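Novice: Provided herewith is a single structure, encoded as structure tokens, for subsequent inquiry.
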Amino acid sequence: MHIGIQEGIPLHFLKFHPEITYEWIPSSFERNSNIEELLIKADFPITKDTLLKLPRLKKVGLVSTGTDNIDFHALQEKDIQLYTAKGINSTAVRDYVIQAFFSFCLHYNIHPQSIQVGIVGYGNIGKKVARFLENTSIRFKIYDPYVLPEKDPSELSNCDLLTFHVPLTKTGKHPTHEFLRKENPFFQKQIPYIINTSRGKIWDVSFYEFVIKQQKIFAQDVYPKEPLPQEKWNVWLLPKICTPHIAGYSAKGRLGGIAKILCKDWKVARIKYFPHGTAKLIEHDSNTFKEKPSEFLNLRKNYALRKELQDYTEKEKQEFMNYFSAIDKSILVAAFL
């Protein structure tokens, strides 16, 4: 079995079985008649043209969660199987949102339980965010037309803060591509504060820039165009927390998808060791990115993977709680559960 692996996918924690061979391939490549299985990230396009260059391809493995780079019809036509890491980074993103939420409360000197949060998208991540809010008696509303079709989206316009956890879709009954615009019912009464860890292209760009200038985006990990165009830095980087698309990059979130596909689904490798990652604050990640916005791709590629909150040592938990000491201890402790 010969595998093509997109450049930049970490493999240091794995050992391939002796009969397996692999080669690194860039996103743009020439015809390759040897590759039978292909392991990619979300920035590798799977199109009809791509598949024409890979005549022996049987399987595609996507180590991240979004699938907007995949032409499903093209795969079906060639009878090529798709394996994904759906949900594997949901705890990492949940942790990011919790940190952003705590930072929001500190920044505006607001008690968490005085806030009403709107969760847009009730999948793997949205459910984990909701569970945290429920466990800490923080009021919240949910909107997901596929899971809760009876819900009225305008109800979220009463929320103080919205957090988005939706896929990027251009078709279907409820497309999300550029659905964040002035006419959206979420903004019927007011523009709530916003945390966005889903996709940058859910924004209408002109409205996005308007909302930024109104100081309503508090934390963002994704942008309408990545890397950020230099002429947009002075506006797009105004929010308090801006990170280079790393919300899902905990050790488990990033490496777990690779291990799932190669070790569990394809059974071509085994885990030598599994790093826990480093206890980190996303505000520090934001400071690093704002200092070097031109390094978006390198900062993302070489990101020192975060440790998930549930894996913190007692010392790390205490340091985390000291940083957010103005927030009730009972609420902070719930973040580690």
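The values are calculated or read from the model by the stated rules, or taken from the named source; none is laboratory data. Small disclaimer: the values here were computed from a predicted structure and weren't measured. Virtual Cβ from ideal backbone geometry, glycine too; neighbours counted across all protein chains shown.
Novice: Being at pLDDT 95 or above and either touching a Phe, Trp or Tyr at 6+ places or on another chain (Cβ under 6 Å) or within 23 Å of Ile9 (Cβ to Cβ) (or both): is that true of Tyr108 here?
Specialist: No.
Novice: Same structure, new question: Which one of the conditions (1) closer than 20 Å to Asn69 by Cα; (2) surrounded by fewer than 17 Cβ atoms within 10 Å (Cβ to Cβ); (3) at pLDDT 95 or above does Phe164 fail to meet, given that it meets all the rest?
Specialist: (2)
Novice: Continuing with this model, one more query. Within region 19-69, how many residues are within 17 Å of Asn89 (Cβ to Cβ), outside any loop (DSSP other than H, G, I, E, B) and of a type in the set (A, V, I, L, M, F, W, C)?
Specialist: Selection size over region 19-69: 3.
Novice: Which of the following residues is of a type in the set (A, V, I, L, M), assigned by TED's automatic domain parsing to the domain that holds His174 and surrounded by 16 or more Cβ atoms within 10 Å (Cβ to Cβ): Val147, Val129?
Specialist: Val129
Novice: Are any residues in region 158-208 of a type in the set (Val, Ile, Thr) and not in a loop (DSSP other than H, G, I, E, B), and if so, which ones?
Specialist: Thr163, Ile194, Ile195, Ile202, Val205 - these are the residues of region 158-208 that are of a type in the set (Val, Ile, Thr) and not in a loop (DSSP other than H, G, I, E, B).
Novice: Run down Ile282, Ile271 and say which single residue is over 30 Å from Pro224 (Cβ atoms) and either out of contact with any Gly (no Cβ under 8 Å at 6 or more places or on another chain) or not assigned by TED's automatic domain parsing to the domain that holds Asn196 (or both).
Specialist: Ile271
Novice: Could you list all residues from region 307-337 that are farther than 12 Å from Ile98 by Cβ, touching a helix residue (DSSP H, G or I) at 6+ places or on another chain (Cβ under 7 Å), charged (D, E, K, R) and touching a residue at least 12 places away in the same chain (Cβ under 8 Å)?
Specialist: Lys307
Novice: While we're on this one: State all residues of region 255-290 that are in a helix (DSSP H, G or I) and either modelled with pLDDT under 95 or over 17 Å from the mean Cα position of the chain (by Cα) (or both); if no residue qualifies, say none.
Specialist: Scanning region 255-290 gives Ala259, Lys260, Ile261, Leu262, Cys263, Lys264, Asp265, His284, Asn287, Thr288, Lys290.
Novice: With respect to Ile241, determine if the residue is buried (at least 23 other Cβ atoms within 10 Å of the Cβ), in contact with a Ser or Thr (Cβ under 7 Å, 6 or more places away or on another chain) and touching a residue at least 24 places away in the same chain (Cβ under 8 Å).
Specialist: Details: buried (at least 23 other Cβ atoms within 10 Å of the Cβ): yes; in contact with a Ser or Thr (Cβ under 7 Å, 6 or more places away or on another chain): yes; touching a residue at least 24 places away in the same chain (Cβ under 8 Å): yes.
Against the criterion (buried (at least 23 other Cβ atoms within 10 Å of the Cβ), in contact with a Ser or Thr (Cβ under 7 Å, 6 or more places away or on another chain) and touching a residue at least 24 places away in the same chain (Cβ under 8 Å)), Ile241 qualifies.
Novice: Can we say Ile25 is in the same structural domain as Ser64 (by TED's automatic domain parsing) and in contact (Cβ under 8 Å) with a residue 60 or more places away in the chain?
Specialist: Values: in the same structural domain as Ser64 (by TED's automatic domain parsing): yes; in contact (Cβ under 8 Å) with a residue 60 or more places away in the chain: no.
When the stated conditions are applied, Ile25 does not pass them.
Novice: Among the residues of region 1-21, how many are under 25 Å from Ser250 (Cβ atoms) and not hydrophobic (A, V, I, L, M, F, W, C)?
Specialist: Here the count works out to 6.
Novice: Hey, another quick one. When you look at Ala269, is it touching a residue at least 60 places away in the same chain (Cβ under 8 Å), surrounded by 15 or more Cβ atoms within 10 Å (Cβ to Cβ) and in contact with a Cys (Cβ under 7 Å, 6 or more places away or on another chain), yes or no?
Specialist: So Ala269 passes the test.
Novice: How many of the residues making up region 291-315 are part of a helix (DSSP H, G or I) and surrounded by 16 or more Cβ atoms within 10 Å (Cβ to Cβ)?
Specialist: Of the residues in that region, 6 qualify.
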